[in-house]
Amino acid sequence: MGSGGTFEAMDFVLSLAKPDDDAFLAKLFSDVHAAEFAPLGLPEAALVQLLNMQFRGQRGSYAAQFPKAVNEILWIGPARAGRILVNDGEDELRLVDIALLTPYRGQGVGGRVVQGLCERASTSGLPLRLSVRFGNPAERLYERLGFVRTGSDGINVAMEFRGPSRSRQIFSPEPATVEEKREVGQDFTGEYFRTWTGRSVKARGVEGIEVNLLVEAVRMLSAPNGGAKVDVGDSFVVIFRGPVSPVLATACVEITPSTGHAMSIFLGPTGASPEGIQYEAVFNRMRPRRSDPESDAS
């Protein structure tokens, strides 16, 4: 795959991952994600331990969700440059993960790999789908290649390849309707937490650490594509932004709004930047949808 020439057009080869690639895959994960945790100011040994835990967690999660996914190592010359994880299902082709070492990013390599998948999907007649984190610059690349947004769960954006000619058909949330203001009682509901948006709350962690958190957004969760039918219910995620230091551990945290009483909420850090630490509290109330008794009787 690929054509020879300058670094930007350098040949690459894909080969099935083997056990002796494990050390590279751990190194690749650290290379991709270390910057997210650098602002935590952890000692190097603690940072390495955290990244290794995150790597094992990602691997276990992917194995559980996509047990038949094919994990391939991307080689450029004699060097491992990245990996791609693809699940070839009966009704879809899914790009589960793609990652490149720093020197190979922004060189067109990842785009050419995904283009190859797009061609494969077009030939097979299967839809090519993926999900990308909100704010990830890779979303712009996918849009240029012909992917469109098909939905979101408040954390990730679901995308599907539709071809270059339809690359501008971007999904966007329905415009908000203007509603008459009314008092919303304090409760663990999406409606109540949306009243926090743009406001500061006080947070107290399990070790007595106290920080002020800005509530950046409250996003509703949507039902996953495929699988059993579910009732979404009042499912949502609350996104907070806190200072770079101190950092709240993943645990139940006592949150006190400017008006109202303290509430115990389970949240954890999900990313870091020079602007601060991002935290998320997920309220997942989805349940399997009950079958219609009338349809069962027919």
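The values are calculated or read from the model by the stated rules, or taken from the named source; none is laboratory data. Computed from a prediction, not measured in an experiment: that's the story for all the values here. Cβ sites come from the backbone with ideal geometry, for glycine too, and all protein chains shown count toward neighbours. We work out accessible area using only protein heavy atoms, side chains counted, and drop any ligands, DNA or RNA first. Shrake-Rupley method; radii C 1.70, N 1.55, O 1.52, S 1.80 Å.
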Global size of the range 21-150 as Cα Rg and Dmax, reported in angstrom: 15.6, 50
Kirkwood hydrodynamic radius of the range 92-132, Cα pairs, Å: 11.1 Å
Calculated FRET value between E207 and D22, using beta carbons and R₀ = 51 Å, to 0.05: 0.90
Alpha-carbon gyration tensor eigenvalues x 5, square-rooted, for the range 212-269, Å: 27, 14, 11
Å² per residue, accessible surface of the range 19-100 at 1.4 Å: 54 Å²
Area accessible to solvent at S264, 1.4 Å probe radius, in Å²: 80 Å²
Karplus-derived HN-Hα couplings along the range 137-149 (A = 6.51, B = -1.76, C = 1.60, θ = phi - 60°), whole Hz, x at Gly and Pro: x, 4, 4, 5, 4, 4, 5, 5, 7, x, 8, 10, 6
Geometric extent, Cα atoms of the range 14-67 - Rg, Dmax (angstrom): 12.5, 37
Note, ³J(HN,Hα) from phi for the range 271-287, Karplus 6.51, -1.76, 1.60, rounded to Hz, x at Gly and Pro: x, 9, 8, x, 7, x, 9, 9, 10, 9, 10, 9, 10, 9, 10, 6, 9
Full-stretch length increase - A45, V13 - with 0.36 nm per residue and alpha-carbon distance subtracted: 8.1 nm
